[in-house]
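Structure first, commentary second.
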Amino acid sequence: MIGTSWEQLPGAARVAVEVLTGPVVKAEPVGGGLNHALAVVVHTDVDSVFVKGLPVADRRARRQEREAAVSQLVDDVGPRVRWHLPDVAGWNLLGVDAVNRARHADLRPGSPDLPEVTWRVAWELGRRRPGRGVVDERIERRWAEYGDPADLALLAGEQVLHTDLRPDNLLVGVDGRVWLVDWAWPALGAAWLDPAIVTLWMIAHGHTVEEAQEWFRAGPAGQRASASAVSAFCRVAARQWEVIADQDPAPWKRQLADAAAGWRAHRRA
């Protein structure tokens, strides 16, 4: 989706941003995102801000409304949302703390990023405050087409979930800290679901099912998940990624489908 540069943004929109940031002296495009048409780090003489946006007419602009709303609940694990311009010159723009010289986390076996990913995902995420009244979607409704009601009921909860913790949403700063970015798909559900989603990505990136499941069970959220609930998640995730990969056989989607099917088979055995 990313294709609009800072210079291509309407002049009135750029002026509105500079009222909040100060005069922009440099704008760096950011690649890798899937949920915005504009993604750029703007630099002033004293600061840097990540600005992302979508045309107001794009139905996906509502995702930025969600991200702005949920930021108050997750600003200790995700970069702080500084401001939100819901409609300026036809654009919905979000200003977020820039992660200095960030790179995507490496989830492969032996990666030096894994201890910090473990701390942020397996430990800190489980301490999220309940999001009722802020987040309006429940995971059992979002995933309703992928599982039966009994399985989906085991995934329900009141914790704020990211739900899309793929490696390019796990940013590693120059200091080694991992930040969870792009909260465009928040939902309420069981606290252990985000670690379970990262577990799938770990399997897809080379960990054995046994290794990844051991990682999942090492964190407090994973320890609290019942065996039946984890098996229910594996069934739902396997069906979800099977459908996604059938609709678009991109290699990374097929990897996730195979990882989910592998974990489901392991649970069955």
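The values are calculated or read from the model by the stated rules, or taken from the named source; none is laboratory data. Here the structure is a predicted model, which is why all the values come from computation and not from measurement. When we count neighbours, we look across all protein chains shown, and the Cβ atoms used for this are built from the backbone with ideal geometry, even at glycine. Surface areas here come from the heavy atoms of the whole protein model, side chains and all, with no ligands, DNA or RNA. Shrake-Rupley method; radii C 1.70, N 1.55, O 1.52, S 1.80 Å.
Taking the criterion of being under 27 Å from residue 205 (Cβ atoms), open to solvent by 20 Å² or more (accessible area, probe 1.4 Å), part of a helix (DSSP H, G or I) and modelled with pLDDT of 95 or more, the only residue of segment 146-180 that qualifies is 146. Consider segment 244-269 and keep the residues that are under 20 Å from the mean Cα position of the chain (by Cα) and touching a residue at least 40 places away in the same chain (Cβ under 8 Å). The one that is surrounded by the fewest Cβ atoms within 10 Å (Cβ to Cβ) is 252.
Taking the listed residues 49, 17, 77, the one that is in contact with a helix residue (DSSP H, G or I) (Cβ under 6 Å, 6 or more places away or on another chain), open to solvent by less than 50 Å² (accessible area, probe 1.4 Å) and outside any strand (DSSP E or B) is 77, with no other qualifying. Can you tell me which residue within segment 55-74, out of those that are basic (Lys, Arg) and in contact (Cβ under 8 Å) with a residue 12 or more places away in the chain, is most open to solvent (accessible area, probe 1.4 Å)? Among residues in segment 55-74 that are basic (Lys, Arg) and in contact (Cβ under 8 Å) with a residue 12 or more places away in the chain, the one most open to solvent (accessible area, probe 1.4 Å) is 60.
Selection of segment 96-111 for residues being over 16 Å from the mean Cα position of the chain (by Cα) and at pLDDT 95 or above yields 108, 109, 110, 111. Pairing each residue of segment 131-155 that is within 25 Å of residue 62 (Cβ to Cβ) and touching a residue at least 12 places away in the same chain (Cβ under 8 Å) with any residue that is open to solvent by 20 Å² or more (accessible area, probe 1.4 Å) and hydroxyl-bearing (Ser, Thr, Tyr), provided the two are 6+ apart or on different chains, yields C-beta distances under 8 Å for 139/163; 142/163. Residues in segment 82-132 that are hydrophobic (A, V, I, L, M, F, W, C) and closer than 30 Å to residue 5 by Cα: 83, 85, 88, 89, 91, 93, 94, 96, 98, 99, 102, 105. Of everything listed in (1) open to solvent by 20 Å² or more (accessible area, probe 1.4 Å); (2) at pLDDT 95 or above; (3) hydrophobic (A, V, I, L, M, F, W, C); (4) farther than 18 Å from residue 162 by Cβ, the single unmet condition for residue 218 is (2).
Among residues that are part of a loop (DSSP other than H, G, I, E, B), more than 23 Å from residue 168 (Cβ to Cβ) and either open to solvent by 20 Å² or more (accessible area, probe 1.4 Å) or modelled with pLDDT under 85 (or both), residue 24 is included. Considering the conditions (1) open to solvent by less than 70 Å² (accessible area, probe 1.4 Å); (2) among the polar types (S, T, N, Q); (3) more than 22 Å from residue 252 (Cβ to Cβ), residue 100 is excluded by exactly one of them, (1). Scanning segment 249-269 turns up no residue that is modelled with pLDDT of 95 or more and assigned to a loop (DSSP other than H, G, I, E, B).
Assessment of segment 221-233 against the conditions (out of contact with any strand residue (DSSP E or B) (no Cβ under 6 Å at 6 or more places or on another chain), surrounded by 21 or more Cβ atoms within 10 Å (Cβ to Cβ) and either of a type in the set (Asp, Glu) or part of a loop (DSSP other than H, G, I, E, B) (or both)) yields at least one matching residue.
Determine, yes or no, whether residue 141 is outside any loop (DSSP other than H, G, I, E, B), buried (at least 20 other Cβ atoms within 10 Å of the Cβ) and of a type in the set (Lys, Arg). No; evaluated as a whole, the condition is false for this residue.
On inspection, residue 210 does not qualify as surrounded by 16 or more Cβ atoms within 10 Å (Cβ to Cβ), part of a helix (DSSP H, G or I), modelled with pLDDT of 95 or more and more than 19 Å from the chain's Cα centre (by Cα).
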